[in-house]
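Shown next, in structure tokens, is the structure this report addresses.
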Amino acid sequence: MRGADRIDTQEKQLLNHTADKEQRPLPGRSNHAGNQSQPEKKLQEAICVLLVELCERFTFFGIVCNMILFCTVKLGYRNYQAAIVNMCFVGTSMLTPVLVGWLAECLVGRIKLVCICMFLHFLGTALLPVVAFPFEDIYIDRRHILHTLTKREQKIVFYFALLTASLGIGGIRAIVCPLSAYNLEDCGPKELLSFFNWFYWLINLNSAVVFVSISYIQQSVVRNLGFLIPFVSVLMAMITIHMVRGEMIYKPKTDSSLLTTFGIIASALKMCYVRYRYFSGGVTNWLDHAKENYGGQYSETQVESTKSLARLFPLFAFQILYRTCIMQIPSGYYLQTMNSNLNFSGFVLPVAAMNVISIVPLLILVPILECINSYLFSSKDTGHSPTIYIVVGQLSAALSVMVAGFSEIHRKHFPQVEQTLSEEVLLVSSMPCFHLAPQYILLGVAEALVTPSCSLLSFRLVPERIRGISMHFLTLFNGAGCFMGAFFVQTAHAGTQGNWFPHLLHEGKLERFFFFLASLMMVNTLGFWTIAHRYNNLNQEYTNELRGNLPEEKLLKHEKTIKHYDSVLEGSPVLSPKEKT
């Protein structure tokens with residue numbers, strides 16, 4: 001019995017260590033005993049993180065909103081080249097938070113890295129006005145003008161500025177404003193969906209302000225000096241971070257990492273090949289090959305967490321083409337709007353202001369969806385899943401691109417007129433730009449339904465220790481969708497000699513590109529509909545089922561069983577004292 005007592009003591013020590021680890025306050029969140037109470041400090045942290053998030057999004061949308069117009073008019077790019085540059089910048093800005101998060105976790109300290117990223121963001125947004133500034137309008141005297149950059153120098157500075165800005169954006173999103181900073185671990189499905197709905201609602205409200213104000217300034221008021229506005233916005237973000245740097249720099253738990261997840265997948269694939277080639281062994285899941293029990297080098301806890309994440313890979317994969325459709329707003333739809341009549345009662349509308357039409361449905365639908373979700377989650381069926389929202393949203397995206405194709409045919413039936421944009425005279429269709437509103441509205445409906453629902457599934461259907469990694473994977477696949485959109489544009493232009501993505505829209509067949517993309521999106525929607533049942537169960541039992549396979553949870557259950565058995569032995573009148581010992 002001494003061996004059994006020793007084992008019981010070791011189990012209790014491990015349980016106490018696990019409990020202490022779970023109850024230990026997170027690093028980087030020191031419990032200062034200042035004048036503020038704990039709720040006030042948490043409120044201050046949440047407000048500061050949200051302010052930095054909004055400032056970062058303000059700079060991001062300020063760069064993106066008129067990039068195509070800037071590239072075509074100022075840098076002399078073709079339409080397809082400007083669209084590719086815009087989509088690649090958006091995709092890079094989505095991928096850099098994953099890269100910076102890995103650097104902060106493995107190589108560089110978080111405080112040092114956030115300072116580097118803030119400097120890169122500052123440098124990028126400060127260099128953009130250098131490219132955009134109208135040097136040719138500034139004279140030193142009557143004979144000499146201020147030295148102007150050549151086209152080649154402008155492009156080099158422009159790309160360097162975009163790269164440094166995207167790296168800075170990655171640092172802010174990954175270190176200062178990670179999703180884990182909002183303390184969502186104890187939230188249920190209803191609270192999580194509500195959080196994601198209102199979180200994206202605020203972001204889109206911010207983008208609506210940017211698209212209306214900055215796009216008008218960049219296009220009409222002070223010509224190219226509008227790029228100075230993102231520079232001012234990043235100054236606000238730096239001041240906010242400086243004011244509360246001790247509370248805002250959040251350090252998440254280090255139970256798992258993105259590198260570990262990739263290592264488990266690589267190890268499992270390697271062991272699968274070895275066992276298939278030389279042995280014949282049976283395992284329930286191919287990722288089990290990475291476990292130490294089967295010749296791998298990873299613990300059961302790590303592998304089981306990765307298995308729960310792997311169940312979401314089909315969900316992530318079906319978001320790639322959806323994100324490609326969403327990227328038509330700053331690319332294909334933007335070109336359609338730029339080549340339509342923007343005059344409204346003598347006032348020239350900014351091209352990017354049409355993006356607000358896609359944001360309005362989201363701002364309206366979120367409160368309505370909140371009411372619907374309150375009713376659905378208040379019922380006894382707490383396992384309600386928002387997969388139906390994703391199916392309807394993807395269908396709406398497919399219809400939007402299809403409507404864009406018909407709108408392009410309709411647009412070319414109108415006679416051409418001259419229109420001045422950024423002091424450049426362009427030949428455009430006389431069709432009012434508001435005829436393009438339906439395609440913007442349908443994409444806005446799609447975003448209101450799909451993005452919060454995917455975030456909920458990615459966050460909810462994995463154990464707590466890898467929720468940050470799950471959101472990283474969702475970001476990776478969204479970024480892949482942006483690059484796939486750029487690949488489609490390049491392929492369509494090269495494969496059709498510029499006919500499907502022309503520089504002069506009235507001389508090409510842009511509608512064929514839209515119809516091709518809409519057909520792919522319809523197939524994508526049907527594909528996701530066939531697997532949507534895998535993500536229908538959001539209740540706590542499903543989460544516990546994933547967690548119940550982990551050793552720590554098994555040990556907790558084992559301890560409860562031992563305590564129950566001891567209590568039965570002590571309370572039993574049948575056993576003698578000798579038998580109890």
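The values are calculated or read from the model by the stated rules, or taken from the named source; none is laboratory data. Bear in mind that the values here come from a model prediction, so they are computed numbers and not experimental data. With ideal geometry, Cβ positions are generated from the backbone for all residues, glycine too; neighbour counts draw on all protein chains shown. We work out accessible area using only protein heavy atoms, side chains counted, and drop any ligands, DNA or RNA first. Shrake-Rupley method; radii C 1.70, N 1.55, O 1.52, S 1.80 Å.
With protein chains left intact and a 1.4 Å probe, residues in segment 311-557 average 39 Å² of accessible area per residue. Among R467, R57, the order of accessible area from largest down is R57, R467, computed with a 1.4 Å probe on protein heavy atoms.
In terms of the mean number of neighbouring beta-carbon atoms within 10 Å, the peptides 494-503, 121-130 order highest first as 121-130, 494-503.
With θ taken as phi - 60° and the Karplus curve 6.51 cos²θ - 1.76 cosθ + 1.60 applied, the whole-hertz 3J(HN,Hα) list for segment 297-302 is 10, 10, 6, 5, 4, 5 Hz, x standing for glycine and proline. Please list, by residue number, everything in segment 433-452 whose backbone N is under 19 Å from a paramagnetic label point 7 Å out along Cα→Cβ of L526. Backbone N within reach: none found.
With the charge dipole of segment 311-557 set up from +1 on Lys and Arg Cβ and -1 on Asp and Glu Cβ about the Cα centre, the Cα lying farthest toward the positive end among the listed residues V356, V425, F318 is that of F318.
Each Lys and Arg Cβ is given +1 and each Asp and Glu Cβ -1; about its Cα centre, segment 311-557 then shows a dipole of about 680 debye. Checked against a 31 Å cut-off, the cross-linked pairs K74/K509; K190/K270; K190/K307 give Cα-Cα distances beyond that limit for K190/K270. Given the options S458, F406, H503, identify the residue whose Cα lies farthest towards the positive end of the charge dipole of segment 311-557 (+1 on Cβ of Lys, Arg; -1 on Cβ of Asp, Glu). With unit charges placed on the Cβ atoms, the residue in question is S458. Based on the Kirkwood approach, the hydrodynamic radius assigned to segment 311-557 is 19.9 Å, with every pair of different Cα atoms included.
Give the ranking of I409, I68 by solvent-accessible surface, highest area first, calculated with a 1.4 Å probe. It would help to have the intermediate numbers written out before the result.
Values: I409 65, I68 0 Å².
Solvent-accessible surface, decreasing: I409, I68.
Largest to smallest in accessible area, the residues W529, W102, W286 fall in the order W529, W286, W102 (1.4 Å probe, all protein chains included).
Could you grab the relative contact order for segment 375-473? Cα pairs under 8 Å, six or more apart, rounded to a whole percent.
On the way: 81 pairs, mean separation 31.3, N = 99.
Result for segment 375-473 is 32 percent.
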